[in-house]
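To keep things clear, I will list the structure first and then write my remarks on it.
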Amino acid sequence: MYRIVTKKPLNPTVTLLEIEAPLIAKKAEPGQFIILRVDEDGERIPLTIAGFDREKGTVTIIFQVVGATTVKLNAKEEGDYLQDFVGPLGNATETAGKKKVAVVGGGVGCAIALPVAQKLHAEGCEVHSVIGFRSKDIVILEDEFRACSSKLKLMTDDGTYGEKGLVTDALDALVAEGNTYDEVITIGPLVMMKFVTMTAKKHNLPCTVSMSPIMVDGTGMCGGCRLTVGGETKFACVDGPDFDGYKVDFDEAISRGAIYKEFERHAYEDACNLFKKEVK
């Protein structure tokens with residue numbers, strides 16, 4: 001059993017949990033993920049590690065409430081326990097030797113991008129961060145990104161906060177200012193990563209994408225996260241989650257991801273109805 005040390009809502013649908021897991025905290029690196037079960041009857045879900053404290057022995061996860069398991073997870077409070085919490089899994093994001101990097105995050109994907117930016121900053125790399133959201137009310141982790149970035153561009157689709165526009169607009173603007181990068185690292189919705197990759201390619205910048213959004217089982221057994229990379233079949237959970245964005249078949253990944261949306265919606269509604277009955 002794994003105790004919840006801290007629970008903090010970041011916006012109406014996104015929550016931060018700090019979990020007591022000293023063995024995982026000892027080995028964890030940015031880009032890796034854990035698998036958890038809320039209770040003994042729960043499904044396993046993978047969540048990317050959003051932070052860790054080796055001294056305290058804690059691991060931080062940030063999740064969006066979108067399905068049945070995240071509804072149940074969000075119902076937990078400080079002092080409660082999770083049934084299972086396994087990791088770290090997957091390959092860590094490569095950061096060594098880089099002098100200047102653009103980190104581009106979108107929505108809840110910023111939770112995955114943050115530890116990467118923090119590690120690059122700690123290693124002496126100049127970090128330019130671009131974070132994008134639909135509107136002001138769902139912005140997360142702004143202060144944390146400012147602390148580890150030489151430059152930060154915060155974009156909102158509707159212009160209610162930061163600059164109005166897309167993260168690709170911000171990346172174009174940074175390059176227009178004369179910046180060049182050893183690498184662009186992007187994490188967020190698949191469509192966003194597709195267009196960030198296209199923008200990076202336009203400027204001849206290497207681009208790494210995290211395909212963690214398509215992971216389901218986390219062990220390579222279900223095949224739900226298979227994708228085509230450079231004409232070969234790969235699995236995000238065991239071969240990644242980081243891949244060369246130039247080689248990823250995004251259209252295939254986006255199409256496959258849409259298959260689960262209807263099931264996820266029904267599971268979410270069933271879980272919400274269950275909690276309503278318990279309250280009565």
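The values are calculated or read from the model by the stated rules, or taken from the named source; none is laboratory data. Computed from a predicted structure; not experimentally measured. Backbone-built Cβ (ideal geometry, glycine too); neighbour counts: all protein chains shown.
Laid out as a table, the results:
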read-out	value
Residue check, T60 at negative phi, touching a strand residue (DSSP E or B) at 6+ places or on another chain (Cβ under 6 Å) and assigned to a strand (DSSP E or B)	yes
Any pair with Cβ under 7 angstrom, 6 or more apart, that starts in the stretch 94-110 at a residue that is farther than 15 Å from H121 by Cβ and ends at one that is among the polar types (S, T, N, Q) and at pLDDT 95 or above	V104/T186
Matching option when the condition is free of Cβ contacts under 8 Å to residues at least 12 places away in the same chain and closer than 15 Å to V101 by Cα, among G159, G178	G178
Options L10, L23; residue that is over 20 Å from the mean Cα position of the chain (by Cα) and either more than 20 Å from I140 (Cβ to Cβ) or assigned by TED's automatic domain parsing to the domain that holds L73 (or both)	L23
Close pairs (6 angstrom Cβ cut-off, 6 or more residues apart or separate chains): surrounded by 15 or more Cβ atoms within 10 Å (Cβ to Cβ) in the stretch 197-224, at pLDDT below 70 and assigned to a helix (DSSP H, G or I) anywhere	I214/G257
Any hit, the stretch 124-131, residues being surrounded by fewer than 16 Cβ atoms within 10 Å (Cβ to Cβ) and modelled with pLDDT of 95 or more	yes
Test result for L120, under 17 Å from the mean Cα position of the chain (by Cα) and crowded, with 17+ Cβ neighbours inside 10 Å	yes
Residues (closer than 25 Å to I185 by Cβ and assigned to a strand (DSSP E or B)) located in the stretch 20-35	F33, I34, I35
